[in-house]
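The next block holds one structure in the form of structure tokens; read it before the comments.
Any read-out appearing in this document is the output of simple, stated calculations on the displayed coordinates, not a laboratory observation. Quantities reported herein were computed from a predicted structural model and do not represent experimental measurements. Virtual Cβ from ideal backbone geometry, glycine too; neighbours counted across all protein chains shown.
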Amino acid sequence: MILVTGGLGYIGSHTIVELIKNNYEVVVVDNLSNSKREVIDKLKKITGKDIPVYINDLCDKKALRQIFQDNIIDSVIHFAGFKAVGESVEKPLMYYRNNIDSTLTLLEVMEEFNCFNIIFSSSATVYGSPKSLPIKEDFPLSTTNPYGSTKLFIEQILKDLYTSNNKFNITILRYFNPIGADESGLIGEDPRGIPNNLMPYIVKVATGELEILSVFGDDYDTVDGTGVRDYIHVTDLARGHVLSLKNQNGLRIYNLGTGHGTSVLELVNTFEKVNNIKINKKIVPRRPGDIAECFASCDKAFKELGFKAEKTIEDMCRDAYNYVKNNE
Ligand SMILES: NC(=O)c1ccc[n+]([C@@H]2O[C@H](COP(=O)([O-])OP(=O)(O)OC[C@H]3O[C@@H](n4cnc5c(N)ncnc54)[C@H](O)[C@@H]3O)[C@@H](O)[C@H]2O)c1
């Protein structure tokens, strides 16, 4: 059985769909701090399976022990954590407490129950401002905000744990920019308040919830002056977790992206075209801390896991909007 922490959230819920397609049994723990209980029913609709869900905080060791007592857990996929960069700058202690405490508690309980297999959600943010592109897994690591630091610290904790006990199989996945939604339109990205990231913002302008999209800078040294990122469809990302699960062996680190960059304006134009809708936008000054361009080298994940993203930017734009229209 696979324990999915944060399984009611955006990436976790899509990964559960892929796990069940691949005949894995799944149990979920989530404290609903950034997700809704109704995802449980939606997952049942998509998969046809009743998935056991524990509504608990991962920092609650007693509750976590109970989950390991009730279920025979072979592997953990650890998504739970806070993820908003801006909020982490305002509330660093909350971020350090939640992301690091929950991970330490999880790892301690895993050791106690002889469960030695874990896949961890890291982020391309650990590469800081890369000196060259595409970004490879052995590039130097640094961060510019508390959220990124929690990812970097947890990576270090996992590496130290592996050194101390190499019974562990630890896979660190560094995600680039997941967007899009399950093609059923039942699950997707549902950010609270004003989103930090581009696609949720575009979608909110499309639905009329926000008036206008601010494009932060059009004077970068990129194809059209706007920032370039490596967007990956969340369903492709989810498949990457299933492949990682099938290939657990020692300490492994992989980028999960597409290997291609897309600019802000290219993404907006594609969104307009596939959804036949106009997005109001204005150019505003650069946002401090943003880098011009970022995309992954995905060679390692391809060679060692057989991972290759399949969905297009068109798919990502269509599915993201479809989810929001379905759930308005
Ligand atoms: N979405 C992205 O762009 C992105 C990029 C890189 C890395 N990541 C990482 O991937 C992981 C999943 O991201 P997501 O986009 O699905 O986020 P999400 O917020 O949608 O999902 C995280 C889930 O974890 C739960 N959670 C948080 N703290 C918890 C705790 N202490 N105990 C139990 N449950 C808890 C939340 O309720 C939520 O359902 C996160 O660790 C995130 O940092 C995300």
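Numbers for the structure displayed
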read-out	value
Cut-off under 5 Å, modelled amide H: who pairs with Ser75 long-range	Leu3
Cα-based equivalent ellipsoid of the chain: semi-axis lengths in Å, sorted from largest, via gyration tensor	31, 23, 19
Directionally averaged projected area (convex hull, Cα atoms, segment 163-242), nm²	9.0
Exceeding the 32 Å Cα-Cα cut-off - candidates Lys204/Lys303; Lys49/Lys281; Lys61/Lys91	Lys204/Lys303; Lys49/Lys281
Beta bridges per DSSP with both ends in the chain, % antiparallel, nearest 5	5
Derived scalar couplings ³J(HN,Hα) [segment 187-195; Karplus, 6.51 cos²θ - 1.76 cosθ + 1.60; whole Hz; x for Gly, Pro]	10, x, 9, 10, x, 6, x, 7, x
Difference of contour (0.36 nm per residue) and Cα-Cα distance, Thr312 to Val89	77.0 nm
FRET E, pair Arg37, Asp221, Förster distance 45 Å, beta-carbon r, rounded to 0.05	0.45
Placed amide H near Phe82: partners under 5 Å, 5+ positions off or other chain	Asn99
Around Ser102: net Lys/Arg minus Asp/Glu count, Cβ-Cβ under 12 Å	-3
Label point 7 Å beyond Cα of Asp101 along Cβ direction - residues of segment 21-37 with amide nitrogen under 17 Å	30-34
Phi to ³J(HN,Hα) by Karplus 6.51 cos²θ - 1.76 cosθ + 1.60 over segment 34-44, Hz, x for Gly, Pro	9, 7, 10, 4, 5, 4, 4, 5, 5, 5, 5
FRET efficiency estimate (nearest 0.05) - Cβ-Cβ, Ile157 to Lys282, R0 35 angstrom	0.25
Sites Asn247 and Glu108 - FRET efficiency at Förster radius 22 Å, r taken between beta-carbons, to 0.05	0.30
